[in-house]
Amino acid sequence: YVIHGGCPDDTFWDFRAGLIALGRAVFEAAIRDPDTLAAVEDLANLTLAEGFQYVPEKLLEARGLMSQGGGRGMTREPTGARWIDAELPARFPKLFARFG
């Protein structure tokens, strides 16, 4: 949300794929503390990895296997606490300083 100035469905989908593509160490650090992403160079571009999310399905198809579903569609509302935009600078000071 802070990195891309909002987060509609497509942006979230691409961001999630791009974050995974950055590797396990970056992904796990971001899960523990999202502010660690502020140190990643070219983060905004690297986390708009449109197309990366389709790799597993294409691989299954190429091997003649069936996808088990999942995919892009959201089947339920997001869970968790909602945030207040005015609180973002205090919650993620490094990300906000760079992207906010």
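The values are calculated or read from the model by the stated rules, or taken from the named source; none is laboratory data. Being a predicted model, the structure only gives us computed values, none of them experimental. Every residue, glycine among them, receives a Cβ derived from its backbone with ideal geometry; neighbour counts consider all protein chains shown. Surface accessibility is based on the protein's heavy atoms, side chains included, excluding ligands, DNA and RNA. Shrake-Rupley method; radii C 1.70, N 1.55, O 1.52, S 1.80 Å.
Just to be sure I follow the definition: excluding the sites themselves, where is the longest run in the chain that has none of the GluC sites (Glu not before Pro) in a DSSP loop with at most 15 other Cβ atoms within 10 Å?
No qualifying site falls inside 51-100, the longest such stretch.
Select from segment 9-69 those trypsin sites (Lys or Arg not before Pro) which occupy a DSSP coil region and have at most 11 other Cβ atoms within 10 Å, ordered by residue number.
R63
Length gain on complete extension for the stretch W83 to C7, per 0.36 nm per residue less the alpha carbon to alpha carbon distance?
Result: 26.0 nm gained on full extension.
Using a Förster radius of 25 Å, what is the FRET efficiency between A62 and I20 based on their Cβ-Cβ separation? Nearest 0.05, please.
E between A62 and I20, to the nearest 0.05, is 0.80.
How large a share of the accessible area of the chain, in percent, is made up of carbon and sulfur atoms when the probe is 1.4 Å and the other protein chains stay in place?
Carbon and sulfur: 56 percent of the exposed surface of the chain.
What percent of all Cα-Cα pairs in the chain falls in each 10 Å bin, counting up from 0?
Going from the shortest bin to the longest, the percentages are 13, 40, 33, 11, 3.
Restricting to DSSP H runs of at least four residues, report the calculated mean residue ellipticity at 222 nm for the chain, -39500 (n - 2.57) per run over all residues, nearest 500 deg cm²/dmol.
Helices in the chain give a 222 nm mean residue ellipticity of -11500 deg cm²/dmol.
Angle, helix 9-21 long axis vs. longest principal axis of the chain, Cα atoms, 0 to 90°, nearest 10?
80
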